[in-house]
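The values are calculated or read from the model by the stated rules, or taken from the named source; none is laboratory data. Keep in mind that this is a model prediction, so the values were computed, not measured. Every residue, glycine as well, gets a Cβ built from its backbone with ideal geometry; the counts of neighbours run over all protein chains shown. The protein model used for the area step is the full one, side chains on, heavy atoms only, and it has no ligands, DNA or RNA in it. Shrake-Rupley method; radii C 1.70, N 1.55, O 1.52, S 1.80 Å.
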Amino acid sequence: MRRITLAVLGIAVSLCLAGSAFAAGATKDECVAKTKEAAAMVNEKGLDAAVAEINKKDGKFVWKDSYVFLMDFDGKMLAHPMSPALIGKNLLDMKDKGEPGKLLFKEMVEVSKGKGEGWVDYMWTNPGDPKPRKKVTYVYRVPGKNLFAGAGIYE
């Protein structure tokens, strides 16, 4: 009887831990809110201050398993807390990990220029997992500027 009780208790604890691990992922609503917050910061505090904050790995624009990045309409990455090597580079020709390969940043620029905001889906490799997975990124044009903020999640 004692073994059964311990087994049931062990399963219950495991399920609770697994549930909280799955709940820890960022949501689409958070991506929308964070990109709009970053865009507002650009207009309220200036581009330099916003770039400095977005680039902080431990800043308010990095949360759970997501982060905000900032790019201009020419395809130049202005801020990226997780991949600082991308900052200053033009990424319009970068393709996703799908076949035959989608120009993901070009599409993000087009959505931002056109509708001003929206979701872009593409195949990307999650760190620690060699197999590409579907990722969706929300892009939001900074009002009055030729740049946008983006944040995404894996589906």
Of the numbered conditions (1) open to solvent by less than 30 Å² (accessible area, probe 1.4 Å); (2) in contact (Cβ under 8 Å) with a residue 40 or more places away in the chain, residue 64 fails exactly one; give the number of that condition. (1)
I'm trying to understand the selection: among the residues of the range 127-155, which are in contact with a Lys or Arg (Cβ under 6 Å, 6 or more places away or on another chain) and either of a type in the set (Asp, Glu) or open to solvent by 20 Å² or more (accessible area, probe 1.4 Å) (or both)? 132, 140, 154, 155
Testing residue 116 on (1) surrounded by 13 or more Cβ atoms within 10 Å (Cβ to Cβ); (2) under 16 Å from residue 50 (Cβ atoms), one condition comes back false. Which one is that? (2)
Can you name the number of the only condition in (1) under 18 Å from residue 38 (Cα atoms); (2) over 15 Å from the mean Cα position of the chain (by Cα); (3) aliphatic (A, V, I, L, M); (4) in a loop (DSSP other than H, G, I, E, B) that residue 82 fails? (2)
So, of the residues in the range 65-79 that are more than 16 Å from residue 39 (Cβ to Cβ) and not in a strand (DSSP E or B), which turns out to be nearest to the chain's Cα centre (by Cα)? 65
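Restricting attention to the range 26-53, which residues are within 16 Å of residue 138 (Cα to Cα) and not charged (D, E, K, R)?
26, 27, 31, 32, 33, 35, 38, 39, 40, listed by residue number.
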Mind checking which residues of the range 33-52 are out of contact with any strand residue (DSSP E or B) (no Cβ under 6 Å at 6 or more places or on another chain) and under 24 Å from residue 119 (Cβ atoms)? 33, 37, 40, 41, 42, 43, 50
Inter-residue pairs, beta-carbon under 6 Å, first under 15 Å from residue 55 (Cα atoms) and in the range 80-100, second in a helix (DSSP H, G or I), 6+ apart: 80/86
Considering every residue within the range 90-103, establish whether at least one is at pLDDT below 95, in contact with a Pro (Cβ under 6 Å, 6 or more places away or on another chain) and open to solvent by 20 Å² or more (accessible area, probe 1.4 Å). yes
